[in-house]
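The values are calculated or read from the model by the stated rules, or taken from the named source; none is laboratory data. Keep in mind the model is a prediction, meaning the values are calculated, not measured. Cβ atoms come from the backbone with ideal geometry, glycine included; neighbour counts cover every protein chain shown. Surface accessibility is based on the protein's heavy atoms, side chains included, excluding ligands, DNA and RNA. Shrake-Rupley method; radii C 1.70, N 1.55, O 1.52, S 1.80 Å.
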Amino acid sequence: MELPTLKITFPFEPGEPYDNEERFAFWDSPDTIQWFKLKGYHLYRRIYLGWDPEGLELEPTETMGPTLPPDSNEEFIEAEYPYAYHDMTTTDAPDEKYNVPLRVIESTGKVVFAQDSCKRHVAIKLVRDDTDEYRILRFLSQQDQKALRDNCILPVLDLLPIEGFWFAIMPRWGTDIYEPAPGVLREVVDIMHSWLKDINRSNILLNHFSDAYLSCKRREGLRHGGKILYGLYDYDFSVMLPAGVDRRDFRLPYDRSWGTFNIVYDTAGGECDYDPFAFDVGILGATLCKYHQHLAPVLPLLAPLLDKMTTWDIINRFTASEALQFFEERLAEFPEQLLEVGIPEEMITGKYTTCNRWENIPCKVVEKWKCYKTPPVSWRLRILRALYRLTASRFPHLMPKTCLFFIRTKSLISHAYRSIFPSKIAI
């Protein structure tokens with residue numbers, strides 16, 4: 001049977017307004033469904049609400065459910081990596097039409113879900129050609145799955161082309177790695193270790209994280225048994241760097257930091273550029289602070305680790321490899337039996353910039369690692385951040401461009417001076 005011709009007719013630019021119903025209509029069209037079916041993928045069926053007088057469904061929702069029934073009547077269904085273990089229980093939705101096992105909610109229209117010819121569950125994302133996201137996905141599709149697993153990165157199973165775009169096929173994993181909340185310290189350690197391994201990958205900058213379980217009924221038991229994997233899965237705000245780039249000198253313009261994960265202050269003082277590798281570490285450190293900094297009294301290594309990952313003094317911030325090495329070395333010194341203790345309920349500890357993670361941890365730990373404490377923000381940086389807060393809402397580019405002007409002027413003056421007064425030191 002001849003493949004239907006698919007063409008993207010709706011706007012698909014990052015940050016631009018969009019009509020998700022227009023995108024839903026594309027995914028739900030008979031041509032799209034048939035195109036994927038002939039490629040070996042059965043798209044999930046969208047749930048519609050409302051009926052017209054002739055009995056036709058009207059209103060598309062953001063909810064989809066699997067099309068093919070499972071081969072087994074078992075409540076829990078095993079799967080081999082890279083596919084996810086899952087259960088077939090339904091959710092307690094207010095409307096019975098939503099009570100579909102493995103239902104998923106996706107509001108942007110950028111991603112749909114499907115089952116392959118073996119009924120395994122996959123995610124399909126629309127990706128524009130000739131973008132960093134596509135280049136990253138193409139690179140990952142060429143890598144060995146074991147290497148990706150060891151580095152906590154989901155594999156790309158397939159890339160299907162249409163005019164100007166690609167459909168990236170990846171295994172469907174769960175999205176909320178903290179639901180339910182970890183119960184013992186070992187579970188937190190496993191999550192943190194996976195995240196730290198992930199940011200050590202080469203030439204790809206941080207984005208979304210996931211785990212290898214589709215629903216949460218048995219996640220708690222599997223997590224405690226060390227049977228859940230975690231991995232990176234989405235790259236729409238990521239950057240693919242050229243091979244052989246010198247990380248010490250690589251910079252990005254300040255406005256590339258304005259995006260989904262700009263939760264650190266590396267460009268909050270009107271800086272004209274930033275170090276994306278240090279930025280990555282800072283973002284991860286701030287994220288780990290959000291979920292785990294309250295555990296420093298029971299896992300003291302968190303105080304020096306998180307301070308060193310999030311310090312405003314970027315030159316002295318941990319690199320990704322240093323953070324991973326520090327974590328693994330300190331963890332090896334931690335008594336194994338203490339990893340099985342229950343963890344306290346999360347407490348309100350404040351932002352990563354204000355929380356005192358060194359409070360209530362052993363004095364010997366404080367003394368040993370005191371040089372890792374984040375120093376007070378310098379007066380110069382405090383002034384610059386205050387000025388930027390005053391101008392950023394109306395003139396977000398004013399201070400960065402002013403900073404760039406002075407840097408270039410200084411460089412020109414220095415170059416002119418060296419030309420007029422060359423060094424007399426013999427070479």
Original post:
What number goes with the only condition from (1) surrounded by 16 or more Cβ atoms within 10 Å (Cβ to Cβ); (2) at positive phi that Val365 does not pass?
Top reply: (2)
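Residue by residue, here is whether (1) part of a strand (DSSP E or B); (2) at pLDDT below 90; (3) open to solvent by 60 Å² or more (accessible area, probe 1.4 Å); (4) not charged (D, E, K, R) holds:
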position	(1), (2), (3), (4)
Met1	no, yes, yes, yes
Thr5	no, yes, yes, yes
Ile8	no, no, no, yes
Pro11	no, yes, yes, yes
Glu21	no, yes, yes, no
Phe26	no, no, no, yes
Ile47	yes, yes, no, yes
Pro60	yes, yes, no, yes
Asn73	no, yes, yes, yes
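Look through segment 273-283, keep the residues that are part of a helix (DSSP H, G or I) and touching a helix residue (DSSP H, G or I) at 6+ places or on another chain (Cβ under 6 Å), and return whichever of them is surrounded by the fewest Cβ atoms within 10 Å (Cβ to Cβ). Reasoning before the result, please.
To start, the set of residues in segment 273-283 that are part of a helix (DSSP H, G or I) comprises 276-283.
From the residues that got through so far, the ones that are touching a helix residue (DSSP H, G or I) at 6+ places or on another chain (Cβ under 6 Å) too are 278, 281-282.
Working: Ala278: 21, Val281: 27, Gly282: 25.
The selected residue is Ala278.
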Subject >> Checklist (1) in a helix (DSSP H, G or I); (2) in contact (Cβ under 8 Å) with a residue 24 or more places away in the chain; (3) among the basic types (Lys, Arg) applied to Arg357, failing item >> reply: (1)
Original post:
Going by the conditions given, is Asp313 surrounded by fewer than 22 Cβ atoms within 10 Å (Cβ to Cβ) and either closer than 30 Å to Arg408 by Cα or not hydroxyl-bearing (Ser, Thr, Tyr) (or both)?
Top reply: yes
Original post:
Just checking, how many residues over segment 152-174 are part of a loop (DSSP other than H, G, I, E, B) and either surrounded by fewer than 16 Cβ atoms within 10 Å (Cβ to Cβ) or at pLDDT 90 or above (or both)?
Top reply: 6
Original post:
If you check every pair at least six apart or on different chains, which have Cβ atoms under 8 Å apart with a residue in segment 291-306 that is over 16 Å from Thr354 (Cα atoms) first and a residue that is among the aliphatic types (A, V, I, L, M) and open to solvent by 20 Å² or more (accessible area, probe 1.4 Å) second?
Top reply: Val298/Leu338; Val298/Val341; Val298/Ile343; Pro300/Val365; Leu301/Leu331
Original post:
Given (1) within 24 Å of the chain's Cα centre (by Cα); (2) in a helix (DSSP H, G or I), where does Asp266 come up short, assuming only one miss?
Top reply: (2)
Subject >> Selected residue (criterion: farthest from Arg186 (Cα to Cα)) from residues of segment 305-362 that are under 21 Å from the mean Cα position of the chain (by Cα) and of a type in the set (A, V, I, L, M, F, W, C) >> reply: Phe318
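If you take the residues in segment 291-304 that are in a helix (DSSP H, G or I) and at pLDDT 90 or above, which one is nearest to Ile343 (Cα to Cα)? Give the derivation first.
Let us first name the residues in segment 291-304 that are in a helix (DSSP H, G or I), namely 291-295, 302-304.
Filter once more, so that each one left must be at pLDDT 90 or above: 292-295, 302-304.
Working: His292: 10, Gln293: 12, His294: 10, Leu295: 7, Leu302: 14, Ala303: 16, Pro304: 19 Å.
Checking each candidate, the answer is Leu295.
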